[in-house]
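Engineer: Sharing a structure, written as structure tokens. Questions coming.
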Amino acid sequence: MNAVRLALILLLAAVPAAVPATAACGVPHPLSTANGTDPANRSFIWSATVFDPFYFPGYAPLDYQPPFTSELTASFWISGMGDTYGGMGYNNGTRNLVLTGDLAYGMDPFPVFFGSELNTDWMAAGVDPPNCPLAGGCTCLLLNDVDPQKTHGLFALVGAANDPVGGTFFNLAGTDPLGNGLPIVLQEVPRPTVMNVLRPQADTVEITLTVPTRSAGVYEAASGAGCVCGPTEFLIRQQLLPRDSVPPSGRLLSSWPLATLAGGGVQTPTPTDGSVTVEASCSGGDADVYLTTELFFDSGFSTTFVSGNSIPVECGGNLSGEFLLDIRSSSPLPRPSGKRR
């Protein structure tokens, strides 16, 4: 093996002492992005805008920074049987896949960093289900991250078929430039599309939005043709800023209050490709309304970070006449202009 490939495998943090010692499945049942030793059955993981890999023969995809940020989160669950509350359902439960090193990557002394790989097991400490997964079902893997500038949330969702004997493998079909399986790349959470704007009063604006079902970042593993884990639904979250303020950054859900339904009422998740009309009030003065997506998947799991901002929608008595401003909200994620050397 090439000496560089003997790089130290970095774990993002030490195993927390608080992780329960009990295991869910009594025999090994791996979950991995590598199905055997053939490179064609091995997929690497990284976040778009965070990791922009080189490809050199004999090496895993590499770049000058880690494949994702320190804010990466990850969950897995059996399709239709997961539960977002700890201690229930068929899912990773209290096991933190990042802090336990289940998502690991290598580095070498240059320094460069390699794409990440997933290696965990249903019998690992903290996993919820009382039994091993049965044949015939699908397992969903959800990864969440945020770009370094905190301007858009990122996600990847992979569905893979359960194998009660061999394990569950999330490697993708197809090959990268070096013959590895195609990578699992976290992509931008889809931004909400503004479809219509009404102003029943000078200090009130009603905004109709939609979010698509299919988007970049959704994958089916080579083992799991037909394993669809979502997206299924969405919620719209919002911020109001004084007119012509710098657009908001920060993607934490807690920074983006849930938008109220038009006419009042609590918003509940809307099926993707459907539409919802929300309301914003700016009685304190002219404002710009920004809206974001919280995206939901099978079994009620959702993105840890909201999407990038929608186009700004004006609220108040003084309007520019450009209610739906033409900004580059639908353009692809920006790519670095050059390598960091």
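The values are calculated or read from the model by the stated rules, or taken from the named source; none is laboratory data. Predicted, not measured: the structure shown is a model, and the values here were computed from it. Here the Cβ is made from the backbone with ideal geometry for all residues, glycine too, and neighbour counts use every protein chain on show.
Engineer: For the range 89-105, which residues satisfy the criterion of being farther than 23 Å from VAL228 by Cβ and assigned to a loop (DSSP other than H, G, I, E, B)?
Structural biologist: The answer is GLY93, THR94, ARG95, ASN96, VAL98, LEU99, THR100, GLY101, ASP102.
Engineer: So, VAL127, is that one more than 24 Å from ASP163 (Cα to Cα) and either among the small types (Gly, Ala, Ser) or over 17 Å from the mean Cα position of the chain (by Cα) (or both) or not?
Structural biologist: Working: more than 24 Å from ASP163 (Cα to Cα): no; either among the small types (Gly, Ala, Ser) or over 17 Å from the mean Cα position of the chain (by Cα) (or both): yes.
Considered against the rule, which asks whether it is more than 24 Å from ASP163 (Cα to Cα) and either among the small types (Gly, Ala, Ser) or over 17 Å from the mean Cα position of the chain (by Cα) (or both), VAL127 comes out as no.
Engineer: Does the range 133-145 contain at least one residue that is more than 16 Å from CYS227 (Cβ to Cβ) and surrounded by fewer than 20 Cβ atoms within 10 Å (Cβ to Cβ)?
Structural biologist: No, the range 133-145 has no match at all.
Engineer: How do the strands (runs of 3 or more DSSP E) wholly within the range 29-85 filter down when requiring 1 or more residues that are under 22 Å from the mean Cα position of the chain (by Cα) and β-branched (Val, Ile, Thr): which remain?
Structural biologist: On the way: elements: 30-32, 45-47, 73-78.
In the range 29-85, the matching strands (runs of 3 or more DSSP E) lie at 45-47, 73-78.
Engineer: Then there is this: Consider LEU291 carefully, then state whether it is among the aliphatic types (A, V, I, L, M), closer than 17 Å to ARG191 by Cβ and at pLDDT 95 or above. Let's see the steps before the verdict.
Structural biologist: Working: among the aliphatic types (A, V, I, L, M): yes; closer than 17 Å to ARG191 by Cβ: yes; at pLDDT 95 or above: yes.
The answer is yes for LEU291.
Engineer: Taking PHE169, is it under 29 Å from ASN131 (Cβ atoms) and either crowded, with 19+ Cβ neighbours inside 10 Å or not basic (Lys, Arg) (or both)? It would help to see each step written out before you state the result.
Structural biologist: On the way: under 29 Å from ASN131 (Cβ atoms): yes; either crowded, with 19+ Cβ neighbours inside 10 Å or not basic (Lys, Arg) (or both): yes.
Yes: the conditions hold for PHE169.
Engineer: Next question, about the same structure. Residue pairs, Cβ under 7 Å, 6 or more apart or interchain, first in the range 300-311 and within 9 Å of ARG191 (Cβ to Cβ) and at pLDDT 95 or above, second buried (at least 23 other Cβ atoms within 10 Å of the Cβ) and of a type in the set (A, V, I, L, M). List them.
Structural biologist: If the second residue must be buried (at least 23 other Cβ atoms within 10 Å of the Cβ) and of a type in the set (A, V, I, L, M), the pairs left are SER307/VAL189; SER310/LEU291.
Engineer: Give just the number: which of (1) closer than 30 Å to HIS29 by Cα; (2) within 15 Å of the chain's Cα centre (by Cα) does ASN171 not satisfy?
Structural biologist: All conditions are met except number (2).
Engineer: Could you go through the range 232-246 and let me know if any residue there is touching a Leu at 6+ places or on another chain (Cβ under 7 Å), outside any strand (DSSP E or B), crowded, with 21+ Cβ neighbours inside 10 Å and not basic (Lys, Arg). Even if it seems obvious, please write down each step before you answer.
Structural biologist: Pass one, the range 232-246, residues touching a Leu at 6+ places or on another chain (Cβ under 7 Å): 234-238.
Narrowing further to those that are outside any strand (DSSP E or B): none.
Checking the range 232-246: not a single residue is touching a Leu at 6+ places or on another chain (Cβ under 7 Å), outside any strand (DSSP E or B), crowded, with 21+ Cβ neighbours inside 10 Å and not basic (Lys, Arg).
Engineer: Go through the range 286-323 and report how many residues are closer than 17 Å to GLN238 by Cβ, part of a loop (DSSP other than H, G, I, E, B) and not hydroxyl-bearing (Ser, Thr, Tyr).
Structural biologist: 8
Engineer: Pull out all pairs, ordered by first then second residue, where Cβ-Cβ is under 6 Å, the residues are six or more apart or on different chains, the first lies in the range 74-85 and is β-branched (Val, Ile, Thr), and the second is part of a strand (DSSP E or B).
Structural biologist: Every condition considered, the pairs that remain are ILE78/THR139.
Engineer: Something else: Of the residues ALA160, ALA202, which is buried (at least 19 other Cβ atoms within 10 Å of the Cβ) and in contact (Cβ under 8 Å) with a residue 40 or more places away in the chain?
Structural biologist: Details: ALA202 fails: buried (at least 19 other Cβ atoms within 10 Å of the Cβ).
Step by step, each of ALA160, ALA202 is checked, and only ALA160 is buried (at least 19 other Cβ atoms within 10 Å of the Cβ) and in contact (Cβ under 8 Å) with a residue 40 or more places away in the chain.
Engineer: For the range 267-320, give me the residue count where each residue is surrounded by fewer than 18 Cβ atoms within 10 Å (Cβ to Cβ) and in contact with a His (Cβ under 9 Å, 6 or more places away or on another chain).
Structural biologist: 0
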